[in-house]
Amino acid sequence: MVWRGEHPLILASQSAVRKSLLVNAGIAVETIPADIDERAIQKNSGLSDPGKIAARLADEKAAFVSQHHAGRYVVGADQTLALGDRLFSKPANRAAAEAQIAILAGQTHDLHSAVSVARDGVLLFSHVSVANMTMRVLSGTQIAAYLDEAGDAILSSVGAYQLEKSGIHLFDRIDGDHSTILGLPLLPLLDFLRGEELLTI
């Protein structure tokens with residue numbers, strides 16, 4: 001393990017994928033999801049830029065959890081999906097997921113992934129990375145087959161796909177860092193933690 005902090009890093013998220021990225025990098029992690037109203041924060045912020053929205057939500061998650069855990073480093077993360085000026089959220093049900101994929105099919109959309117670190121309610125670090133995702137042209141039958149294969153997992157991901165699983169079949173081209181696509185820009189985060197002397201490597 002390369003983590004040298006006195007206590008594990010806190011991840012303000014219940015995402016198993018984000019946690020696994022950190023664990024696989026040799027970091028001791030504790031997950032404590034942030035109890036915040038993300039949609040209300042987004043609405044009240046007045047922001048429309050997808051990268052700034054992701055950054056605000058990541059900041060809020062990190063700051064909220066860090067206020068309740070004195071002295072601990074807390075990571076917040078968020079991801080937005082934009083097709084031009086149109087923003088997408090996690091689908092509410094299968095029909096919404098099917099509609100989203102039908103709109104994204106044959107198009108290139110952007111994933112904006114933000115990561116923030118806070119301690120004692122003070123924001124120490126914030127970064128946004130972008131990945132460009134080009135979906136294949138898909139028939140209704142292909143979309144239905146994907147939804148059957150993916151199951152309820154489609155409801156937990158913006159865009160209704162999980163690239164680390166069967167969602168990879170939906171794409172023609174992907175430009176961007178893998179960890180950015182999975183929702184946690186890992187390289188800039190590791191660089192920050194290294195600067196805080198929290199890593200041995």
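Every number here is computed from the coordinates shown, using simple stated rules; none is lab data. What you see is a predicted model; the values in this text were computed from it and never measured. Note that we place each Cβ from the backbone using ideal geometry, even for glycine, and neighbour counts take in every protein chain shown.
Rundown of residues vs (1) among the acidic types (Asp, Glu); (2) under 23 Å from SER66 (Cα atoms); (3) touching a strand residue (DSSP E or B) at 6+ places or on another chain (Cβ under 9 Å), yes/no style:
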site	(1), (2), (3)
GLU98	yes, no, no
ILE101	no, no, yes
HIS109	no, no, yes
ALA114	no, yes, yes
ALA118	no, yes, yes
VAL128	no, yes, yes
ARG136	no, no, yes
ALA144	no, no, no
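Only strands (runs of 3 or more DSSP E) whose full extent lies in segment 55-162 are considered here, and the ones with at least 1 residues that are among the polar types (S, T, N, Q) and under 13 Å from the mean Cα position of the chain (by Cα) are 74-83, 108-119, 122-135.
Set side by side, the residues ALA105, ALA95, ALA82, ALA99 differ, and just one is surrounded by 16 or more Cβ atoms within 10 Å (Cβ to Cβ), free of Cβ contacts under 8 Å to residues at least 40 places away in the same chain and over 19 Å from ARG18 (Cβ atoms), which is ALA82. Using the structure shown, decide if ALA77 is among the hydrophobic types (A, V, I, L, M, F, W, C), crowded, with 24+ Cβ neighbours inside 10 Å and touching an Asp or Glu at 6+ places or on another chain (Cβ under 8 Å). No; evaluated as a whole, the condition is false for this residue.
Only one of the listed residues (ALA153, ALA131) is surrounded by fewer than 20 Cβ atoms within 10 Å (Cβ to Cβ), closer than 17 Å to PHE88 by Cα and free of Cβ contacts under 8 Å to residues at least 60 places away in the same chain. That residue is ALA153.
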